[in-house]
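The values are calculated or read from the model by the stated rules, or taken from the named source; none is laboratory data. Just so you know, these numbers come straight off a predicted model, no measurement behind them. Heads up, the Cβs are rebuilt from the backbone with ideal geometry, glycines too, and the neighbour counts pull from every protein chain shown. Keep in mind that these areas ignore ligands, DNA and RNA; they rest on the heavy atoms of the full protein, side chains included. Shrake-Rupley method; radii C 1.70, N 1.55, O 1.52, S 1.80 Å.
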Amino acid sequence: MVGAAINHYKILEKLGEGGMGIVYRAHDNKLDRAVALKFLPHQLTVTNEDKQRFVREAKSAATLNHPNVCTIYDIQEYKDAENDREYLFIVMEYVEGHSLHDKMNTITFKQAIEFGTQIADGLAAAHEHGIVHRDINPENIMIRKDGRVLIMDFGLAKARGSITKITKEGSTVGTAGYMSPE
């Protein structure tokens, strides 16, 4: 996908991949800025449940306007006529920096307190809007070059009052080493 033009975005490099998405750095040709595009992996686009979860992620994060939560700009679809595939993707703020996971062995005690405080502030804002992240882990926390922390990946978020289940009975989703024991 690197080098491809998707709608008005030019994909520049792959940033990462997880269970619910592949993230690329791209250039927004309309607004002349760097963005991140998170694509639903094609093998998941076959089920409506996975599409709904992906759309729910975009909507959950898009309702938040907080300096410690990654900004969601849009959710779009792209039809590639060449290989007859449809792609669903989230357009979000590109965060230049490193994940907390990448920085864990080099941060000072003071930085750990600062980062923890910023994470708590972002989660508090989400909770005020009735959103529970449900997958906080060092891979989902980005630290910008200026030290600002941003919470990413609301793919498993649950909104207060939501009756939609995103987990099947008898199954679990999330990052095993960071899940609550129950």
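Assorted remarks:
- Residue pairs meeting the criteria (Cβ under 6 Å; at least 6 apart or on separate chains; first of a type in the set (Gly, Ala, Ser), in the range 1-25; second not in a loop (DSSP other than H, G, I, E, B)): 4/11; 16/23; 21/38
- Residues that are open to solvent by 90 Å² or more (accessible area, probe 1.4 Å) and in a helix (DSSP H, G or I), drawn from the range 89-112: 101, 102, 109, 110
- Residues that are open to solvent by less than 50 Å² (accessible area, probe 1.4 Å), out of contact with any helix residue (DSSP H, G or I) (no Cβ under 6 Å at 6 or more places or on another chain) and at pLDDT below 95 within the range 142-158 comprise just one, 156.
- Evaluated against (1) of a type in the set (Val, Ile, Thr); (2) more than 17 Å from residue 60 (Cβ to Cβ); (3) touching a Ser or Thr at 6+ places or on another chain (Cβ under 7 Å), residue 141 falls short on exactly one condition, (2).
- Index of the failed condition, residue 135 passing every other in (1) in contact with a strand residue (DSSP E or B) (Cβ under 8 Å, 6 or more places away or on another chain); (2) modelled with pLDDT under 95: (1)
- For the range 116-135, taking the residues that are in a helix (DSSP H, G or I) and in contact (Cβ under 8 Å) with a residue 12 or more places away in the chain, the one that is most open to solvent (accessible area, probe 1.4 Å) is identified as 121.
- Where a residue in the range 68-84 is in contact (Cβ under 8 Å) with a residue 40 or more places away in the chain and its partner, wherever it lies, is of a type in the set (S, T, N, Q) and open to solvent by 50 Å² or more (accessible area, probe 1.4 Å), with Cβ under 8 Å and at least six apart: 76/7; 78/7
- Given (1) over 29 Å from residue 1 (Cβ atoms); (2) in contact (Cβ under 8 Å) with a residue 40 or more places away in the chain, number of the condition residue 111 does not satisfy: (2)
- Residues that are small (Gly, Ala, Ser) and either part of a loop (DSSP other than H, G, I, E, B) or touching a His at 6+ places or on another chain (Cβ under 7 Å) (or both) within the range 136-162 comprise 147, 155, 157, 161, 162, listed in sequence order.
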